Amino acid sequence: MFKIYYLHRGDGIPFYIGKTKNVVRRIHKHYDNFGYDIFYSIIDEVEDWRFWESYWIEQFKCWGFNLENKNNGGG
């Protein structure tokens, strides 16, 4: 099972959507890019991550969040 998550800072505003099997290990890698003042929230647990990661990125963009993802997911 893959976990789909979003990253946010203290303000709670999502700025990145990602997927992983091991959230703790993945968040530690994000520290290099985004610093240590980030938090994560799991939004879904799925097997077909390619579809769902893309879905959630598009959904958060539709809700008006300015995501820092370099692509539209599923890659």
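Computed with every protein chain present, the accessible area of Glu58 is close to 100 Å² [probe 1.4 Å]. One decimal place: the segment Glu58-Asp44 gains 3.6 nm when fully extended, by the rule 0.36 nm per residue minus the C-alpha distance. Counted over the chain with a bin width of 5 Å, the fraction of Cα pairs per bin, in whole percents, is 3, 17, 30, 28, 18, 5, 0.
Once the Cβ-Cβ distance of Val23 and Asn66 is raised to the sixth power relative to R0 = 25 Å, the FRET efficiency obtained is 0.65. The largest accessible area among Leu7, Leu67 belongs to the first residue in Leu67, Leu7, and the rest follow in falling order (1.4 Å probe, all chains).
The values are calculated or read from the model by the stated rules, or taken from the named source; none is laboratory data. Just so you know, these numbers come straight off a predicted model, no measurement behind them. As a convention, Cβ positions derive from the backbone with ideal geometry for all residues, glycine included, and neighbour counts pool all protein chains shown. These accessible areas exclude ligands, DNA and RNA; they are computed on the full protein's heavy atoms, side chains included. Shrake-Rupley method; radii C 1.70, N 1.55, O 1.52, S 1.80 Å.
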